[in-house]
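**Q** Just dropping this structure here.
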Amino acid sequence: MTQTVAVLGTGKIGEALLSGMIRAGWRTADLLVTTRRSDRADELRARYGVEPVTNAEAAKRADTLILAVKPQDMGKLLDELAPYITTDRLIISAAAGIPTSFIEERLTPGAPVVRVMPNTPVLVDEGMSVISAGNHATAAHLAHTEAIFGGVGKTLRVPESQQDAATALSGSGPAYFYFLVEAMTDAGILLGLPRAQAHDLIVQAAIGAAVMLRDSGEHPVKLREAVTSPAGTTISAIRELENHGVRAALIAALEAARDRSRELASGNS
């Protein structure tokens, strides 16, 4: 599909998508952006060579519209777009917790909608974007969405019924790792290391472990066992983690995140 793509809402995620598309080879002539502030529009034009337009103009001209606004702004944005949306437009929503039905009900009947939950590592081209089709989205629409979001990381298709679980695991996931790194850094300080050294040790350990998980194909249990010598330091630490219920706490935390995602999807703020 030859496409003109408009990114509506160019905050951190919207700009990350825009820059990723350009790095992936999209022509700036085929990209439009919308933003509320004129100074931000000037900044995007100067930085990327793209054309800032109004929301209405984007709806008239673009074949694909990526809605990267805050969830609370989605209703107002759809009211602006609705008069100009036809069934040959693809609507991609990157707003957390907004189901495709919410968008479909406010647009022309039959308009194809795809829901995407990216996470913040899209900012460094290492994101995970979870993709679900609405009632009228085709395989071609999903493939096109993957081509866009594949420029800033990996993509995964799931049924929309699994989006809340994916949000808990992947959308919120980076925060759990930051929390763990923060706690381990504090532990390093307690053990006598300067903060900067503790931080560097933990961050590199996290990067190395993540690459091994990705590239080795081994189950995490096998990778953990390779570090865990009999009667050694690692098994002593693992025992304390189990004694303090870390595994159970993680499961409960993800269940809480999933439940909150469901509440947001149902309109409970």
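The values are calculated or read from the model by the stated rules, or taken from the named source; none is laboratory data. What you are looking at is a predicted structure, and each value in this text was computed from that prediction instead of being measured. Here the Cβ positions follow ideal geometry from the backbone for every residue, glycine too, while neighbour counts run over all protein chains shown. All accessible areas refer to the heavy atoms of the entire protein, side chains included, with ligands and DNA or RNA removed. Shrake-Rupley method; radii C 1.70, N 1.55, O 1.52, S 1.80 Å.
**Q** Give just the number: which of (1) closer than 14 Å to Leu8 by Cα; (2) free of Cβ contacts under 8 Å to residues at least 40 places away in the same chain; (3) open to solvent by 30 Å² or more (accessible area, probe 1.4 Å) does Gly75 not satisfy?
**A** Checking Gly75 against (1) closer than 14 Å to Leu8 by Cα; (2) free of Cβ contacts under 8 Å to residues at least 40 places away in the same chain; (3) open to solvent by 30 Å² or more (accessible area, probe 1.4 Å), the one that fails is (3).
**Q** Looking at (1) open to solvent by less than 30 Å² (accessible area, probe 1.4 Å); (2) over 21 Å from the mean Cα position of the chain (by Cα), which one does Ala29 not meet, given that it meets all the others?
**A** So the condition that Ala29 fails would be (1).
**Q** Shifting gears a bit: Between Ala249, Ala253, which is of a type outside the set (S, T, N, Q), free of Cβ contacts under 8 Å to residues at least 40 places away in the same chain and in a helix (DSSP H, G or I)?
**A** Of Ala249, Ala253, the one residue that is of a type outside the set (S, T, N, Q), free of Cβ contacts under 8 Å to residues at least 40 places away in the same chain and in a helix (DSSP H, G or I) is Ala249.
**Q** Could you check segment 225-246 and list, in sequence order, the residues that are in a helix (DSSP H, G or I) and either open to solvent by less than 50 Å² (accessible area, probe 1.4 Å) or closer than 22 Å to Ala166 by Cβ (or both)?
**A** Thr234, Ile238
**Q** Let me ask you something else. Within the set of pairs 6 or more residues apart or between chains, which connect a residue that is under 26 Å from Leu78 (Cβ atoms) and modelled with pLDDT of 95 or more inside segment 39-57 to a residue that is exposed (fewer than 12 other Cβ atoms within 10 Å of the Cβ) and of a type in the set (Phe, Trp, Tyr) with Cβ atoms less than 9 Å apart?
**A** Matching pairs, first to second residue: none at all.
**Q** Can you find, within segment 151-208, the residue that is modelled with the lowest pLDDT among those that are hydroxyl-bearing (Ser, Thr, Tyr) and not in a helix (DSSP H, G or I)?
**A** Across segment 151-208, the extreme among qualifying residues is Ser172.
**Q** Next question. Does Ser172 satisfy being in contact (Cβ under 8 Å) with a residue 60 or more places away in the chain, of a type outside the set (D, E, K, R) and open to solvent by 20 Å² or more (accessible area, probe 1.4 Å)?
**A** For Ser172, the condition - in contact (Cβ under 8 Å) with a residue 60 or more places away in the chain, of a type outside the set (D, E, K, R) and open to solvent by 20 Å² or more (accessible area, probe 1.4 Å) - is met.
**Q** If you take the residues of segment 108-125 that are touching a strand residue (DSSP E or B) at 6+ places or on another chain (Cβ under 7 Å) and at pLDDT 95 or above, which of them is farthest from Thr167 (Cα to Cα)?
**A** Here the answer is Ala111.
**Q** Could you say whether any residue in segment 91-99 is of a type in the set (S, T, N, Q), crowded, with 23+ Cβ neighbours inside 10 Å and closer than 24 Å to Ser172 by Cβ?
**A** Yes: segment 91-99 contains one or more residues that are of a type in the set (S, T, N, Q), crowded, with 23+ Cβ neighbours inside 10 Å and closer than 24 Å to Ser172 by Cβ.
**Q** Something else about it: Taking Arg36 and the conditions (1) assigned to a helix (DSSP H, G or I); (2) out of contact with any helix residue (DSSP H, G or I) (no Cβ under 9 Å at 6 or more places or on another chain), which numbered condition does it fall short on, given that it satisfies the others?
**A** Every listed condition holds for Arg36 apart from (1).
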